[in-house]
Amino acid sequence: MSTIYDTDYIEELRVRNAMQPHRMKLFRNALFKNSNSWGEALATLPETARADFESNLTFESLEMSERHDSEIDGASKLIFKTHDHHLIESVVLRPKSGRTSICISSQVGCACYCSFCATGMMGFTRNLTAAEILDQVSQANRMVKSEGRSIRNVVFMGMGEPLLNMDNVFQSVEFLRAAPFFNLSNSRITVSTVGIPQAMDHFTKTFPDVQLAFSLHSARQDVREKLMPQARKYPLELLRESLLKASASGRVMIEYLMLAGVNDGEEDLDALERFLKDIPVHINLIPYNEFSGNNLHETPVEERNKFADRLKLLGFDTTLRYSLGSDVAAACGQLVQHKIKVSAI
Ligand code: SF4
């Protein structure tokens, strides 16, 4: 069955129901601008067309199976079930700034096997379709509507490596930016990657103004290879070239998880300084959300502060991030991995 994102099929439905184009605008506004229910969206159509739309379009491509609200901050972890019974996660964040954000998944599992990541331990199952990616945002919008909120930022930092599902992720970004759909500005969309040079270059060319977040985590090749097996394929010299191209057109974020005794020493600062020299980037230092699948630990907060201060002194635009949703296992893959383990017992 077609989805509410299948614009060609919706046009076919419009024509066969002899509807004026403006009726489609009302229908789309109900779905995407007002985050209405399916019944309310159908009610914008002429009565004679409703049954045809209802029986031939899928409203939701995912089923929201669980919602876990943090008791310590504004995070909500959502678990969605796909039609073929896989679980994926999204996290809604309500930071104090008031701008509601969502971190969404692009794949079921992941083939990158980063050692710090719970999703990496699950292996790869399949790519999410564009409708499944977008549905995380639609459903979250309907969820936060009762709080007088709407999703203002979308980050592709959930389960999966977005640039290994390029077609569907690119299509989703188009819908997120498109005025008749989610209507988000380029600066409100961030696509994160572990670093695949050709795909990064393609992304930069296609979406020069959309933010790219590069998960660096270490500017030392040997350390990076231990943390992220993909780093063996794509050495730092190649990635630096792609970052230079990306930063020439848009804003580039560097994501750096702070891992005690692994990437938070003097040598690491020197390597970062060399690697990022003359590339205009914003560095995000991220506290690590520990889980039982490895023996990595977060850098203590005083050390994180010192590291951030040193980077600022070196002239880098740096933000020390704080962790939201630690009580609802908000880091990528943690809750789904826990559920898979529990159901296997
Ligand atoms: S950090 Fe991202 S790319 Fe690495 S294993 Fe996890 S989901 Fe995949």
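The values are calculated or read from the model by the stated rules, or taken from the named source; none is laboratory data. Just so it is clear, the structure is predicted and the values come from calculations on it, not from any experiment. Here Cβ is always computed from backbone atoms with ideal geometry, including for glycine, and neighbour counts include all displayed protein chains. Accessible surface is based on the protein model in full, side chains and every heavy atom, while ligands, DNA and RNA are left aside. Shrake-Rupley method; radii C 1.70, N 1.55, O 1.52, S 1.80 Å.
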Expressed as a percent, the portion of alpha-carbon pairs in segment 2-58 spaced more than 14 Å apart is 48
Given the pairs K77/K277; K81/K205; K226/K306; K33/K245; K145/K306; K25/K77, which span a C-alpha to C-alpha distance of over 29 angstrom in this model? K77/K277; K81/K205; K33/K245; K145/K306; K25/K77
Please report the relative contact order for the chain, taking Cα pairs under 8 Å with a sequence separation of at least 6, and give it as a percent rounded to a whole number. 15
Which whole-Hz couplings ³J(HN,Hα) result when phi for each residue of segment 60-67 is put into the Karplus expression 6.51 cos²θ - 1.76 cosθ + 1.60, θ = phi - 60°, listed in order with x for Gly and Pro? 10, 8, 10, 10, 6, 9, 8, 9
Kirkwood radius from Cα pairs of the chain plugged into Stokes-Einstein at 10 °C, 1.306 mPa s, gives D in µm²/s equal to 75
Any chance you could give the angle, 0 to 90 degrees and rounded to 10, that helix 197-206 forms with the longest Cα principal axis of the chain? 50
Counting only the heavy atoms of the protein chains, how much of K245 is accessible to a 1.4 Å probe, in Å² to the nearest 10? 110
Per residue Cα convex hull volume in Å³ - calculated over segment 214-303: 101
Vicinal HN-Hα couplings computed from phi for segment 297-307 (Karplus, 6.51 cos²θ - 1.76 cosθ + 1.60; Hz; Gly/Pro x): 10, 6, 5, x, 4, 5, 5, 5, 4, 5, 4
Over segment 54-208, what number does the Rg to Rh ratio reach, with both radii from the alpha-carbon atoms and Rh per Kirkwood? 0.95
Work out which GluC sites (Glu not before Pro) in the chain are exposed loop sites (DSSP not H, G, I, E or B, at most 12 other Cβ within 10 Å) and give the longest gap free of them. 148-345
